[in-house]
Amino acid sequence: MVTEGRATGADSGLTGEAERLRLVMIRLRRQLHRRDTLGLSIELYSALATVVFRKGLSMGDLALAEHLPPSAATRLVDRLEEAGLVVRRPNSRDRRGVLLEATAEGRQRLAERRRIDNIWLADRLGRLTREQRSTVSRALDALEAVVLRDPHSSEVTADPPSTPALPDPLAEVAS
């Protein structure tokens, strides 16, 4: 099948690579989740990170950013709030709405999780040759272009310009 002048993965023979990538991502997610000693699910960490890095987020904004129905976003925020990681603040521009704010504990917990995960991943990447690390870095560039910046994607788009870029965990490893 051709979409907007481009062959889809199935037509271009990429389904095998797509399957390998999907399985590697699943296994990586499971390994990172098993290492989590701080006790939050991947979904809760993702929502917490979105609240931390996108200041002044409404519940609807969180639902959109996390690709969730509003009711699921509300349940995530309920759990984060119960854990003392986020608070709901009145929205001064819309008295019916609330804005989400990470607590100091929430920001610290997220930073610790990222630190631990990045050290673990950097250790694994450090076992690769310089050439393999360069290949991984180029592959990440390509994957980011597909996942984060593809204007034809119905899933994820690039963060708004006001959102700070996340640190590159490969920066120290690749050099």
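The values are calculated or read from the model by the stated rules, or taken from the named source; none is laboratory data. What you see is a predicted model, and the numbers here were worked out from it, not measured in a lab. For neighbour counting, all protein chains shown are included, and Cβ atoms are generated from backbone atoms with ideal geometry for every residue, glycine included.
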Check your understanding: residue 66: surrounded by 14 or more Cβ atoms within 10 Å (Cβ to Cβ), free of Cβ contacts under 8 Å to residues at least 24 places away in the same chain and closer than 21 Å to residue 28 by Cα, yes or no?
Key -> yes
Practice item. Kindly provide the set of residues from the range 2-32 that are loosely packed, with under 14 Cβ neighbours inside 10 Å, modelled with pLDDT of 80 or more and not charged (D, E, K, R), ordered by number. Key: 14, 15, 16, 18, 21, 23, 24, 25, 26, 28, 31
Review point. From the list 94, 168, 150, 117, which one is loosely packed, with under 15 Cβ neighbours inside 10 Å, closer than 20 Å to residue 52 by Cβ and at pLDDT below 95?
Key: 168
**Study point:** Every residue from the range 16-56 that is on the phi > 0 side of the Ramachandran plot and in contact with a strand residue (DSSP E or B) (Cβ under 6 Å, 6 or more places away or on another chain)
**Key:** 56
